[in-house]
Amino acid sequence: MRVLQLYDTYTRSIRQFQSLQPGQVGMYACGPTVYDYAHIGNLRTYIFEDILRRTLEFNGYKVKHVVNITDVGHLVSDADTGEDKMEKGAKKVGRTAWEIAAMFTQAFKEDIKHLNIKEPTIWCRATDHIVDMLQFIECIERNGYTYHTSDGIYFDTSKQPDYGYLGRLDIEGLQAGARVDLGEKKHPTDFALWKFSPKDQHRQMEWDSPWGIGFPGWHIECSAMSVKYLGKFFDIHCGGEDHITVHHTNEIAQTEACYGTHLANFWMHGHFLQLDAEKMSKSAGEFLRLQSLIDRGYDPLAYRFFCMSAHYRAKLNFTWESLDGAAVSLDRLRNLVYELGEAGEPDPEWIDRFISEMNDDLNMPRALAVVWELLKSDIPAKVKKGTILVYDQILGLGLADYRPPVESIPDEIIALANQRQMARSEKNWALADSIRMEINQKGYEIEDTPQGPKIKRKRR
Ligand code: AMP
Ligand code: ZN
């Protein structure tokens, strides 16, 4: 068995990965809040998680990959105030919260398909698991970690001596600096487990509970669903880096209060995609969707390839120029691999070189460097092709199925090319050249090959 090293945010260290049960990995990834489309920043995190899953599978593990759909309870502010993002999003487009949840869940599933992200083993919707959440909150209550306010049931973080360890929170500093109005909350880090529906307002999504009609807090959703599908202590929990200090910290607090575990053996976080050095966020209103890239003529896999150019623990700045660069490199890679012809047996040494980079905390940029080196090497084409197709189990670029697009050349251009051939056969070089220039001006180029002239559309 190969050695797989992964960075664990909980211990802030690279640790050797060993599954809790032989040959199997339980992995939970925080899914989208479906009040809007996913932006390409969100999708960077799902690409990282896909590469993690594929690497685990490459190492021989069977991965149970669980992704939730947050369709209730994620409030506009992390301080448990403000509107529910779903209800707010629904109002904005004049539809019900249930309708927009279904619509944006579907859009998300299409995005991940476009990016060759493997479907999770289990999708779980928060609104389908209210009973599990109620039981979880009851358990936390029985163990003495809750208190009531007029707007909900809260988790008392002061009862847990190691609260905030994941985020290395400075609890005393937070307490001292808590200038915001705490309302009835006892400590700034306390958070809602269950919120009551406002008395003066009808919510679209609400449920009865032992404490009153209302809806679950966002953090309890992920604790309840991950425990239900993966158990009280499972292998890997992941998400974007923004989840470290609040969402995942609170998931751990809840699970510790109920089961005495910190939920997952490894906590892994993808770093943010930035747009002009600003973080990209859904709530800021302006963001790029995958569809915006497709509409501009980009292949969605060029975005996947762009994300793979950086380590998942490094910030990545999005610019159109760098996406162009990724698109050109991906084209080159695909064509080179296509031209290798039939695949033969892969080369075990080259496989080792690639996988040892991946197993070094998913070092994608170095693994990609191995890909280019292999292509430049002088091993037989068949072996190269066989080896690259094995790499593609992790790269996920669909290299086995790639065919260069068959371009349809307009009749007008074909007629000009024929006239040029005629001029050449009459040795009328001046006329042949001027026809070639006319063809160029119309956006095409002619290459004279031993098999005769080839017409191609000019590249941007
Ligand atoms: P959300 O739909 O807002 O709950 O977020 C879905 C996932 O995207 C979470 O794992 C977030 O941590 C992650 N995320 C949010 N913004 C970004 C960003 N700019 N870059 C990378 N990941 C992000
Ligand atoms: Zn979550």
Going by alpha carbons, how many degrees (0 to 90, nearest 10) lie between the helix axis of 130-142 and the longest principal axis of the chain?
40 degrees
What FRET efficiency would be calculated for the residue pair LYS458, SER158, taking the C-beta separation as r and a Förster radius of 56 Å, to the nearest 0.05?
0.25
Can you give the FRET efficiency to the nearest 0.05 for GLU138 and THR261, using r as the Cβ-Cβ distance and R₀ = 22 Å?
0.75
Over all directions, region 411-457 yields a Cα convex hull whose mean projected area in nm² is 3.0 nm²
Nearest 10 degrees, 0 to 90: what angle lies between the long axis of helix 218-230 and the longest principal axis of the chain (Cα atoms)?
70 degrees
Mind jotting down the three principal axis lengths of region 275-401 based on Cα atoms? Whole angstrom, largest first.
51, 31, 20
Describe numerically, in nm with one decimal, the distance between label points set 7 Å from Cα along Cα→Cβ at ASP276 and at LYS109.
3.6 nm
Can you tell me the alpha carbon radius of gyration of region 5-270 divided by the globular rule-of-thumb value 2.2 N^0.38 Å?
0.99
Please provide three numbers in whole Å: the alpha-carbon extents of region 1-100 along the principal axes, with the largest listed first.
55, 26, 25
Relative to the chain, whose Cα atoms define the longest principal axis, helix 247-259 and its Cα axis are tilted in degrees, nearest 10, by 50 degrees
Calculate, in nm to one decimal, what SER408 and TYR165 gain on full extension: separation in residues at 0.36 nm each, minus their alpha carbon distance.
81.4 nm
Where in region 212-269 are there chymotrypsin sites (Phe, Trp or Tyr not before Pro) that are in a DSSP coil and have at most 16 other Cβ atoms within 10 angstrom of their Cβ?
PHE233
Taking the chain and a Cβ-Cβ threshold of 4.7 Å, the cysteines left without a partner are CYS30, CYS124, CYS222, CYS238, CYS307
Mind giving me the FRET efficiency for SER356 and LEU389? R0 is 22 Å, r the Cβ-Cβ distance, nearest 0.05 is fine.
0.70
Once the mean of 1/r over all distinct C-alpha pairs in the chain is inverted, the Kirkwood radius in Å reads 25.0 Å
From DSSP H assignment alone, runs of 4+ in the chain each adding -39500 (n - 2.57), the sum over residues rounded to the nearest 500 puts [θ] at 222 nm at -13000 deg cm²/dmol
Within a 10 angstrom radius of the beta carbon, how do THR33, THR387 rank from fewest other beta carbons to most?
THR33, THR387
For the pair THR81/ALA314, report the inter-label distance in nm, with labels modelled 7 Å from Cα in the Cβ direction.
4.0 nm
Are there trypsin sites (Lys or Arg not before Pro) in region 1-52 that DSSP marks as loop and that have at most 12 other Cβ atoms within 10 Å, and which are they?
ARG2, ARG12
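Only the coordinates and a few stated rules stand behind these numbers; no lab work does. Quick caveat, the model's predicted, so the values are computed rather than measured. All Cβ positions, even for glycine, are placed from backbone atoms using ideal geometry, and neighbour counts span all protein chains on display.
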